[in-house]
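The values are calculated or read from the model by the stated rules, or taken from the named source; none is laboratory data. These figures come from a predicted structure and were not determined experimentally. Virtual Cβ from ideal backbone geometry, glycine too; neighbours counted across all protein chains shown. SASA here: full protein model, heavy atoms, side chains in, ligands and nucleic acids out. Shrake-Rupley method; radii C 1.70, N 1.55, O 1.52, S 1.80 Å.
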Amino acid sequence: MQFCELTPEEFEQFVNAHFSHYTQSRIHYDYKVEHNEPVYLVGVKEGNEVLAACLLNSAPAFKFFNYFYSHRGPVMDYTNKLLVSTFFEGLTKYLKKRKGLFALVDPHIIYNIRNHDGDIIESRRVDSFIDQMNQLGYQHKGFSVGYSMDSQARWLSVLHLEGKSEDQLLKEMEYKTRRNINKTIEMGVKIKDLSIEETDRFFKLFKMAEDKHGFSFRDKAYFERMQRTYGKQCRLILTYIDLNEYLEKLNVELGVALKQHELSVEELNANPDYRKLKNKTKELENTVNRLKKKVEEIEQLRETDGEILDLASALYIHNEHELYYLSSGSNPKYNQFMGAYYMMWRMIQYAKSLNLKTYNFYGVSGVFTEDAEDYGVLKFKKGFNAVVEEYVGDFEKPLRPLFYKLYKMRNAK
């Protein structure tokens, strides 16, 4: 085994064949090269066979040095101790030659699989790997909870698709989720892809989510860049509803209900003591009143907000293994149309059409109590029968201990 640099072709072939994160991709590498940003492809080979592959980014740190980071890498068999040692020992030497100050890696290793109540379904042994990494000088940064701008999400909500039909996936969802999906179909909620030129429609909804949760995450230029970078492997999705079409549906329903109520009243007049008929007539009257009220509400909404309502939008990226539901937003004023439910279901179907293994709802905080900042989001994702994959977390390696210590002291101020 030998640590070495990989060609883009070697790297691409390996990560496509082995389960990996979308950031560990040839597309990501090509974008960095095209924009003259530092990026490295390294790995381990035995003869001509690639055994490990990793995309590394770097950035200036402490004037004369560089900080190196691998998103969910390297891609390798972490149970192979010799392979782990060969890679990380080689990586240390490689980065020192490139003025490395420290390196941060967050391996794609699942620690626990939980349900969305936080209960452990399956636990995996990671103690041996953590011990080995510590011996190699890569210090485990702990099992963090919550969100951080400094690292990738450690808790991910994931729906496993492999070996399941669409009908089975729908059947395994919670009743409320399944019912809401069916309601969106009945109402006529639609889905479309937005072009880069239409990013504003997404970003308006995304900003609503930022305002609701009190954070500022990305600017519009970031989402335009993601679309250019990932091309056909990226979709900017919007769900919307045409209120004219919805009113047509409601008025057809109302017409049917009025006719049924009229016939029931006539029948009741002929049989005034028929109790079941009284109840049926009352139920039909309630249905008519409900539909009349709904028609009035939608007509008023069309008058104030226009014929087409943008409901929910999200940025999706896929690789050979997963479809990732990344940044998103919705208009809370239009929650009655449940655009996010329709979007999820249609994109789950899309992931199935690509024969992907998983639909990745992406990050959750790892807090499962009702006072969690993302409790509503957690419940929403739970409804689709997803599980929570808890990853092992970050490892940091000081490459120049003295300067690294000074760097940390300076940044702590």
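Restricting attention to region 396-413 and to residues that are among the charged types (D, E, K, R) and out of contact with any strand residue (DSSP E or B) (no Cβ under 8 Å at 6 or more places or on another chain), the residue that is nearest to Phe361 (Cα to Cα) turns out to be Lys408.
Restricting attention to region 67-79, which residues are part of a strand (DSSP E or B) and open to solvent by less than 40 Å² (accessible area, probe 1.4 Å)?
Matches in region 67-79: Phe68, Tyr69, Ser70, Val75.
A quick yes/no check of all residues on (1) crowded, with 19+ Cβ neighbours inside 10 Å; (2) more than 18 Å from Ala61 (Cα to Cα):
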{"site": "Leu354", "(1), (2)": "no, yes"}
{"site": "Thr358", "(1), (2)": "yes, yes"}
{"site": "Val367", "(1), (2)": "no, yes"}
{"site": "Glu373", "(1), (2)": "no, yes"}
{"site": "Leu378", "(1), (2)": "yes, yes"}
{"site": "Lys382", "(1), (2)": "yes, yes"}
{"site": "Glu389", "(1), (2)": "yes, yes"}
{"site": "Gly393", "(1), (2)": "yes, yes"}
{"site": "Lys405", "(1), (2)": "no, no"}
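Residues considered: Leu406, Leu402. Of these, the only one that is more than 30 Å from Gln13 (Cβ to Cβ), of a type outside the set (Lys, Arg) and without any contact (Cβ under 8 Å) to a residue 60 or more places away in the chain is Leu402. Selection of first residues in region 224-250 that are within 17 Å of Gln300 (Cβ to Cβ) and of second residues that are open to solvent by 10 Å² or more (accessible area, probe 1.4 Å) and in a strand (DSSP E or B), restricted to Cβ pairs under 8 Å at least 6 apart or on distinct chains, gives the following pairs, ordered by first then second residue: Ile241/Lys190; Ile241/Ile308; Asp242/Lys190; Asp242/Ile308; Leu243/Ile308. Scan region 129-162 for residues that are in a loop (DSSP other than H, G, I, E, B), open to solvent by less than 80 Å² (accessible area, probe 1.4 Å) and without any contact (Cβ under 8 Å) to a residue 60 or more places away in the chain and the total you get is 1.
Residues in region 315-340 that are more than 22 Å from Phe203 (Cβ to Cβ) and either within 15 Å of the chain's Cα centre (by Cα) or open to solvent by less than 30 Å² (accessible area, probe 1.4 Å) (or both): Asn319, His321, Glu322. Can you say whether Lys183 is modelled with pLDDT of 95 or more, over 16 Å from Leu378 (Cβ atoms), under 22 Å from the mean Cα position of the chain (by Cα) and of a type in the set (D, E, K, R), as far as the supplied structure shows? Answer is no for this residue. When residues in region 348-395 are screened for being among the small types (Gly, Ala, Ser) and either at positive phi or in contact with a strand residue (DSSP E or B) (Cβ under 8 Å, 6 or more places away or on another chain) (or both), 6 of them pass. Can you find a residue in region 253-265 that is at pLDDT below 95, under 22 Å from Ile181 (Cβ atoms) and of a type outside the set (Gly, Ala, Ser)? Looking through region 253-265, at least one residue is at pLDDT below 95, under 22 Å from Ile181 (Cβ atoms) and of a type outside the set (Gly, Ala, Ser).
Any residue that is part of a helix (DSSP H, G or I), basic (Lys, Arg), within 26 Å of Phe337 (Cβ to Cβ) and touching a residue at least 24 places away in the same chain (Cβ under 8 Å) - is there at least one of those in region 280-296? There is at least one residue in region 280-296 that is part of a helix (DSSP H, G or I), basic (Lys, Arg), within 26 Å of Phe337 (Cβ to Cβ) and touching a residue at least 24 places away in the same chain (Cβ under 8 Å). With the checklist (1) of a type outside the set (Val, Ile, Thr); (2) open to solvent by less than 80 Å² (accessible area, probe 1.4 Å); (3) farther than 27 Å from Trp345 by Cβ; (4) in a loop (DSSP other than H, G, I, E, B) in hand, flag the one item Leu91 doesn't pass. Among (1) of a type outside the set (Val, Ile, Thr); (2) open to solvent by less than 80 Å² (accessible area, probe 1.4 Å); (3) farther than 27 Å from Trp345 by Cβ; (4) in a loop (DSSP other than H, G, I, E, B), the lone unmet condition for Leu91 is (4).
In this structure, does Arg125 turn out to be in a helix (DSSP H, G or I) and either open to solvent by 50 Å² or more (accessible area, probe 1.4 Å) or at pLDDT 95 or above (or both)? So Arg125 fails the test.
From the list Ala270, Ala257, Ala312, the one residue that fits, being open to solvent by 20 Å² or more (accessible area, probe 1.4 Å), among the small types (Gly, Ala, Ser) and farther than 30 Å from Asn16 by Cβ, is Ala270.
Pick from Phe11, Phe62: which is over 21 Å from Tyr391 (Cβ atoms), surrounded by 14 or more Cβ atoms within 10 Å (Cβ to Cβ), touching a Leu at 6+ places or on another chain (Cβ under 8 Å) and modelled with pLDDT under 95?
Phe62
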